Amino acid sequence: MGIKMRNAIRLTASYITLVIIAIGCIYPALWIILASFRPGKSLYSKSLIPESFTLSHYKELFTSQSFLFGTWYMNTLKIAIFSMIIGTILVLLTSYAVSRFRFKGRQNALSVILVLGMFPGFMSMIALYILLNSLDLLNTHAAMIIVYAAGAPLGGTLIMKGFLDTIPRSLDEAAKIDGATNFQIFRKIILPLSRPMITYMGLTLFVGPWVDFIFARLVLRTKENWTLAVGLWDLVNSTQDSNFTLFAAASVLIALPITLLFVFLQRLLVDGMTAGASKG
């Protein structure tokens, strides 16, 4: 009875802890969602549920002349999609090379990737600014895409390599006996089997540029080229505008595509995360 009692107490404490954590995570998000439908400009309200609902804030996002939400949304979407596609390709090619081939300097290359991946990205901001300025790429979306995509192998190579190492090499050998080239093996065997990891890597490389503020604020100068993060920062930083309900509506629209992607691709995402950590 004593063991059963201790297990029951431990299980009850675990559920209580999980409930508290869930409330702490869900309540702020729910407050922002309901605030986006609340009339007025103040984020504060006496009650969680608004007394009346309005869609005027969502309409203002796309009709305001000073708040170019539609332009910023398309800018961010373009940067995130191209960065995701190019970055995923670079990670796949790099990981396939270090996982399947043995060449001189392979271990040194993996060590360099591991060490560089430990440093935070903002440490290279000054160097990147000087380099982009010398190449006349400041205030361009191409600069954002190049930096995001080129930096993807630093964070994703070891994870992707860990997944590729779990694919039996006997499949490669059997395909080579049948006359397949390395590219055919990569395209017809590795890619189909790597779908969970490709999904995980693609989502990761999409979310990064989608929510990044520091680098976008450094590179993008004109209002027409801003991303959503920079535009929303300008909204709350401006001394002439305190429209927090408008900010809440914009936040909901920003979170919507990421939330939908995670919901529909959850199974592949979880499979990719667990498989990539199984072997290094």
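The values are calculated or read from the model by the stated rules, or taken from the named source; none is laboratory data. Keep in mind that this is a model prediction, so the values were computed, not measured. No Cβ is skipped: glycine too gets one built from the backbone with ideal geometry, and neighbour counts run over all protein chains shown. Just so you know, the surface numbers come from the protein's heavy atoms only, side chains and all, with ligands and any DNA or RNA stripped out. Shrake-Rupley method; radii C 1.70, N 1.55, O 1.52, S 1.80 Å.
Quick look at the numbers
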quantity: At 1.306 mPa s and 10 °C, Stokes diffusion of the chain via Kirkwood alpha-carbon radius, µm² per second; calculated: 72 µm²/s
quantity: Radius, Kirkwood style, for segment 1-41 when every pair of distinct Cα atoms is counted (Å); calculated: 12.7 Å
quantity: Student exercise, the chain dipole from Lys, Arg, Asp, Glu Cβ charges, in Debye to nearest 20; calculated: 860 debye
quantity: Area accessible to solvent at PHE67, 1.4 Å probe radius, in Å²; calculated: 10 Å²
quantity: Debye-sum result for segment 124-176 in log10 I(q)/I(0), which assumes one identical scatterer on each alpha carbon, at q = 0.16, 0.30, 0.32 Å⁻¹; calculated: -0.62, -1.09, -1.13
quantity: Options ILE145, LEU116, ALA216, ranked by Cα towards positive dipole end of segment 61-216, top entry (Cβ charges); calculated: LEU116
quantity: Centroid-to-centroid separation of segment 46-72 and segment 216-233 [C-alpha atoms, Å]; calculated: 20 Å
quantity: Fraction in percent of alpha-carbon pairs per bin - 5 Å, segment 1-100; calculated: 2, 10, 9, 9, 9, 10, 10, 10, 10, 9, 6, 4, 1, 0, 0
quantity: Selection from ILE81, LEU30, THR63 lying farthest towards where the dipole of segment 1-116 points positive, charges on Cβ; calculated: ILE81
quantity: Whole-percent pair-distance distribution, where bins are 10 Å wide, for the alpha carbons of segment 151-222; calculated: 16, 36, 24, 14, 7, 2
quantity: Cβ crowding within 10 Å averaged over residues, with 107-118, 209-220, 13-24 ranked highest first; calculated: 209-220, 107-118, 13-24
quantity: Where the Cα pairs of segment 184-231 fall when distances are cut into 10 Å bins, in %; calculated: 24, 30, 20, 20, 6
quantity: With all protein chains modelled, accessible area of LEU232 [1.4 Å, Å²]; calculated: 20 Å²
quantity: Convex hull volume of segment 206-250 per residue (C-alpha atoms, cubic angstrom); calculated: 84 Å³
quantity: Rotationally averaged projected area of segment 49-118 (alpha carbon convex hull; nm²); calculated: 9.1 nm²
quantity: Solvent-accessible ranking of TRP72, TRP31, TRP233, largest area first, probe 1.4 Å; calculated: TRP233, TRP31, TRP72
quantity: The chain: most fluctuating residue of SER194, SER251, SER42 per GNM, C-alpha cutoff 10 Å; calculated: SER42
quantity: Equivalent ellipsoid dimensions for segment 132-261 as semi-axes, Å, which come from the Cα gyration tensor, largest first; calculated: 41, 19, 10
quantity: Stokes-Einstein diffusion coefficient of segment 96-196, Kirkwood radius over Cα pairs, 25 °C, 0.890 mPa s, in µm²/s; calculated: 152 µm²/s
